[in-house]
Each structure stands twice: as C-alpha cells, then as structure tokens.
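First comes the structure, then the notes that go with it.
The values are calculated or read from the model by the stated rules, or taken from the named source; none is laboratory data. What you see is a predicted model, and the numbers here were worked out from it, not measured in a lab. With ideal geometry, Cβ positions are generated from the backbone for all residues, glycine too; neighbour counts draw on all protein chains shown. The area values use the complete protein model at the heavy-atom level, side chains included, leaving out ligands, DNA and RNA. Shrake-Rupley method; radii C 1.70, N 1.55, O 1.52, S 1.80 Å.
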Amino acid sequence: MAKKALITGITGQDGSYLAELLLSKGYEVHGLIRRASSFNTERLDGIYKDPHLDDAHLFLHYGDLADSVATYKAVDSIQPDEIYHLGAQSHVRVSFDIPEYTGDVTGIGTVRLLEAIRECAPKARFYQASSSEMFGLVQEVPQKETTPFYPRSPYGAAKVYAYWITVNYRESYNLHASNGILFNHESPRRGETFVTRKITRAVARIKAGLQKKLYMGNLDARRDWGYAPEYVEAMWLMLQQDKPDDYVIATGETHTVREFLEVAFGRAGLDWEKYVELDPRYLRPTEVDLLIGDPSKAKKQLNWAPKVGFRQLVEIMVDADIESLRADMSGERVRA
C-alpha cells in the first residue's frame, strides 16, 4: 500500500516541489489549502501535465492553520504516514505589519497540528519547516544546529516557538518530529514579493521595456541561497531516518543582495546600477545582516548536499522569468 503524506502549504514553492517529489516516489499526497475566491493552485499545474506523475494520487482539502477543528479533521480522516508542515505566513517584512496573525498561523498553527497528530495519528512522522531567520542577530558564524536563536522579526520569533514546541512534543509524547532549519532557498516558483523573485521578474520586465526602475532596500544583507527542489529532498530524507532530529540545510556560502543583482541583470546583458534605486520603505525595522549555514550534519547523517550553485540558481530564475513573460506576451502559458 502506498504511503500517505499530508502537506500544509502545498500551493507554495516548497509544497509544490515536495508534492512532485512524493508523487514520483509513489506516495498518495494530500494537501491542505485555504479557501479563496480565486484559484491559488497554479504551482501544482505541472503535476496534472506531467505524464510521469499520477495526479489521481493527489488530493486537496480545504482547511486553515488558524482553525483547529479543520486541522484535527484533516489529520483524523487522512491518517497520514508523514506530515510536512510548510504552511505559514512566511514573509519577513510583512510580519512586522501583521505580527499577531503571523504568530497565530506560523507559531500556534504548529501546536494545532501537533495536537491533532498526538490525538489522531501518533505514529505519523512530522516535519516542521524551521527557518534561518530564527538565528537573526547571529551569535556565531556559520550557524549550525547548536547555535543560539536571536530572532529579529515577528516571523522569526514565531518560527522559534514552532521549533521548540516541535522539540517539546517529540520529547513529551515520543513523536517522530524533526525540524529542518532551512536557509534561503529559491526557484522560479518563489513568491513574487520575495526579494530574489522581485529582482528576476524586474530583470525580465526591464529587458522587455515594460519597467524602468527596480526599488530595493538593504543591498548589503548577506544570505545563504540554495535551490528549492534540492531542499525538499532534504525534508523527505529527514522523515526516512529511524530517529527524529534537527538539521541545518544550507549551502555554506554567502552572497549579498548586490551580488544577486549583478548576476541577475548581467544574465540579461544589463547593468544593474542603471536601473536599481534604494527605497527606505523596503527596509526592515530590525535587519538581519548575515546568514550562512553549516550543513555538515545533514551531509553526514542524511547524505545530502546541494548541487546547484549561486550563479546557476540566479540564471535559472532569470531565464524562467524571461521565458514566462515572453509566453504571456505571446498568449502562451508556461510554468517552471
């Protein structure tokens, strides 16, 4: 019998790639999605078009991490073997504008899910999507599993709560619950308001003559950027281990936002300095200046290592956005 997996946040970047990975491995995949007045499942379209993926094994359920009843009912009715908790209010800058909602969904939403598992499916294996933003004002370089947390945003603080409540349920109720502390990971499916995708979309539009300027915040922030499809494989590997544990998933390299701009505009034959202007509205009240992870534990215990480098990642994203814009302008539809 096929394994059953439940993914919260299945319509996001990571959720869509993870769904494809699990379907390719023969899983029955269930996703929790919020009810909306417009379709928000575009990132899953590729599953229905790929002849190698069996979309008959993909099931979507309406629910919300702010609703404990819906969460409980989903876990109880599906009885999943594995649960991947990716759903959250995940935009750091926006978390300053809606801190209460961020805390409720990103933090307390994890408790709602863990309680449902404890009551309805205690043998299920649980993955919690933790974040490098928990390190915030970094206490050591590079950051590893034992580095103290110092979050610098409501989002980071909510993720710290979700991390420790996952550890608490693991130790209190003997759940197979693991935290993946994922550093920044990008792809053509990254949300359009996140800085990397904001840049690559702007490159495509400027190249096509549809946009004149790109307004940015802190260009000196340094991040450890990886490729999202590789990072979801690490999630799956964590739940295949005999014992649950916590892992940093990163490349071990750091690059500035300025470097990202240079590579992205350069890919399109443009000089970024002619098009980029600073706008203080995009600065955070408290900035995270440096994030760089040490993935040694994941390499040793999971046999996981990143393959796509920084320049290749940026070029993949730029090429995809240029092609997507070209397809839109010609009336075609292409999804990465």
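Can you tell me the orientation of helix 68-78 relative to the chain, as the angle in degrees between its alpha-carbon axis and the longest Cα principal axis, to the nearest 10? Approximately 70 degrees, to the nearest 10.
Taking the Cβ-Cβ separation of Arg311 and Asn168 as r and a Förster radius of 45 Å, what is the calculated FRET efficiency to the nearest 0.05? So the FRET efficiency works out to roughly 0.65. Against the chain, whose longest principal axis is taken from its Cα atoms, helix 195-207 shows a tilt of about 40°. Based on the reciprocal of the average 1/r between different C-alpha atoms, the Kirkwood radius for the stretch 71-136 equals 12.8 Å. Ranking Ile206, Gly293, Phe194 by Cα position along the charge dipole of the chain, where only Lys, Arg, Asp and Glu carry charges on their C-beta atoms, puts Ile206 farthest toward the positive end. The mean accessible area for residues of the stretch 1-121, using a 1.4 Å probe and ignoring ligands and nucleic acids, is 46 Å² per residue. Couplings 3J(HN,Hα) of the stretch 294-310, computed from phi: 10, x, 4, 5, 5, 5, 6, 8, 9, 6, 10, 8, x, 10, 7, x, 4 Hz, in residue order, whole Hz [Karplus 6.51 cos²θ - 1.76 cosθ + 1.60, θ = phi - 60°; x for Gly and Pro]. Here the Karplus relation 6.51 cos²θ - 1.76 cosθ + 1.60, evaluated at θ = phi - 60°, turns the backbone of the stretch 155-163 into coupling constants of 4, x, 5, 5, 5, 4, 4, 4, 4 Hz, with x for every Gly and Pro. Gyration tensor over the Cα atoms of the chain: the corresponding equivalent ellipsoid has semi-axes (square roots of 5 times the eigenvalues, largest first) of 32, 24, 19 Å. Surface composition of the stretch 129-210: carbon plus sulfur atoms contribute 49% of the solvent-accessible area (1.4 Å probe, protein chains only, all chains present). Is the shape of the stretch 1-85 rounded, prolate or oblate, going by the alpha carbon gyration tensor and its root eigenvalues a ≥ b ≥ c, with a/c under 1.5 for rounded and a/b larger than b/c for prolate? Oblate shape, in that a/c is at least 1.5 and b/c is the bigger or equal ratio. Among Tyr155, Tyr282, Tyr27, the residue with the largest mean-square fluctuation in a Gaussian network model of the chain, with springs joining Cα atoms closer than 10 Å, is Tyr282.
For the stretch 93-135, a crude dipole built from +1 on the beta carbon of Lys and Arg and -1 on the beta carbon of Asp and Glu, taken about the Cα centre, is about 300 debye to the nearest 20. Residues of the stretch 57-76 with backbone nitrogen within less than 15 Å of a virtual label 7 Å along the Cα-to-Cβ line of Thr41, please, listed as ranges. Taking a point 7 Å out along Cα→Cβ of Thr41, the residues of the stretch 57-76 whose backbone N falls under 15 Å are 57-63. Each of Gly109, Pro122, Ser16 was placed along the dipole of the chain (beta-carbon charges, centred on the mean Cα), and the one lying farthest toward the positive end is Ser16. Between the Cα long axis of helix 228-238 and the first principal axis of the chain there is an angle of about 20°, rounded to the nearest 10. Put simply, the Cα atoms of the stretch 209-255 extend 53, 24, 14 Å along their principal axes, the longest span coming first.
Only one residue of Pro80, His57, Gly46 has its Cα farthest out toward the positive end of the dipole of the stretch 40-149, where Lys and Arg carry +1 and Asp and Glu -1 on Cβ, and that residue is Pro80. Between Glu100 and Tyr62, the contour length at 0.36 nm per residue exceeds the alpha carbon distance by 11.4 nm. Measure out, as a whole number of angstrom, how far apart the alpha-carbon centroids of the stretch 1-16 and the stretch 146-195 sit. So the separation of the two Cα centres works out to 17 Å. Amide H contacts under 5 Å for Gln89: Thr106, restricted to partners 5 or more places along the chain or on a different chain, H placed in the peptide plane at 1.01 Å from N. Annotated for the stretch 220-334: lysine pairs at least 8 residues apart or interchain, Cα distance under 30 Å, count 6. Measuring nothing but how far apart in sequence close Cα pairs (under 8 Å, 6+ apart) lie, relative to its length, the stretch 125-188 scores a relative contact order of 45 percent.
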